[in-house]
Each structure stands twice: as structure tokens, then as C-alpha cells.
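Here the structure comes first, spelled out in C-alpha cells, and everything after it is commentary.
None of the figures in this text is laboratory data; all of them are computed from the coordinates on show. Small disclaimer: the values here were computed from a predicted structure and weren't measured. Note that each Cβ is placed from the backbone with ideal geometry, even for glycine, and that neighbours are counted across all protein chains shown.
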Amino acid sequence: MRSLFVVTAVLAVGAMVGCGDSSSTGGGAESASGAQHELVGKPAPEFTLDTANGKGKVDLASLKGKVVFVDFWATWCGSCKELFPKLQELETKYASSGLEIVGVSEDDDNNGIAEFAQAHGNAKFPVGWDNGKSIAGQYKPPTMPTTFVVDKNGIVRFVHVGYHDAVQAELEKELKSLM
């Protein structure tokens, strides 16, 4: 009976923090934020993304030397609506210090992506659509939102799965540790 309660509690927490499948990614290192993911400590998979909000193309390789937050999200995700303004605040505060944020939409089509970015935090950072989910296939975000924190050398150092009220403070602390 007790183990049933624990399993139920774990599933309930997973449902509250993310918008999608909250299943495990199958091991890997644990980031400081507590999320386990196989990419922590490994090079971030390279990608090029056409943006939907007028920022041109984003090429992850060209961002080496900067700390990069790669945020996987979707327009239907309620938690993503809460996270976007927090990411924009961090981008505004730390862009001049070398922070880059890239929003990668996992929607089934590209309708509403730019409008979402505008409506939720007036996001100035590049956001684009992962057509065919090829970028997600490399990163394997377990739910929406999932944010990968990539250091100046292109190594994934932290992963944030889902959203909670303290995520902005955690991201800021991790950012400062990598700058």
C-alpha cells in the first residue's frame, strides 16, 4: 500500500511540472537541478534552426564561447507559458555577459510560434520550429518544457525538466557558475 502511495505521489509531481511525457530518459548523469539526462557532461548535439521571430538562422556551433540555454517548448504547454517570461528576463539581464537562449518549438506545425513568443514574455531571443523533431531526436527532452544549459565549450552541464517557481533562480545560479 505504501509503495502504491509513493508511485502515485511521484506521478502526480511529474504531471504538475511538465506538459508531456514525464518518463525517465534512461539514465545518464544528474545535473545540479536534480534532473537526470544522458547528455549531461557530453557535447551538446549541433543543430541549425530557422527562427520564426525574425532572428535569422541559429547555428549552435557559432555560439561556442557563450553559455547557451536550449529550451524545448510547445505552444500548447501551460508550463512553457510561465517559463518564457523568466527566460526573457534572464536574456535581458545577461545577454551582454554572453548568454544566448534558443527556443525550440516541438509543435506539430509552425502555426503560432512567433505569436506565442510575443504573447508570453515578449521573447526577443530566437525561437524556431523543430520541423520533423530532428533536434528533439538528438536531445531527447522528456517533457515540455525542458531546458539544456550548455557551457562555453559546448558541453551540456545542467538540464531542467518541467517548470517550477524557483527555476529562474536555479538557471541564474548555474549561468553564473559557467561564466
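Close amide H pairs (under 5 Å, H built 1.01 Å from N) link Lys152 with no residue at least 5 positions away or on another chain. Highest mean first, the peptides 137-147, 54-64, 114-124, 91-101 sorted by other C-beta atoms within 10 Å per residue fall in the order 137-147, 114-124, 91-101, 54-64.
Measuring against 18 Å, Cα to Cα, the residue pairs Lys66/Lys93; Lys57/Lys124; Lys86/Lys176; Lys57/Lys93 contain Lys57/Lys93 as the ones spanning a longer distance.
Packing order of peptides 106-113, 73-80, highest average first: 73-80, 106-113 (average count of other Cβ atoms within 10 Å over each peptide's residues). Sparse packing (at most 11 other Cβ atoms within 10 Å of the Cβ) combined with a DSSP loop state is found for none of the GluC sites (Glu not before Pro) in region 131-179.
Taking one quarter of the surface of the C-alpha convex hull of region 79-128 gives a mean projected area of 3.2 nm². Taking all C-alpha pairs of region 44-179, those more than 21 Å from each other amount to 32 percent. Calculated from the alpha-carbon coordinates, region 53-97 shows an Rg and a Dmax of 12.2, 33 Å respectively. FRET efficiency for Gln138 and Gln168, Cβ-Cβ distance as r, R0 = 22 Å, nearest 0.05? The value I calculate is 0.25. With K and R counted +1 and D and E -1, the other residues having a Cβ less than 15 Å from that of Lys152 yield a net charge of +1.
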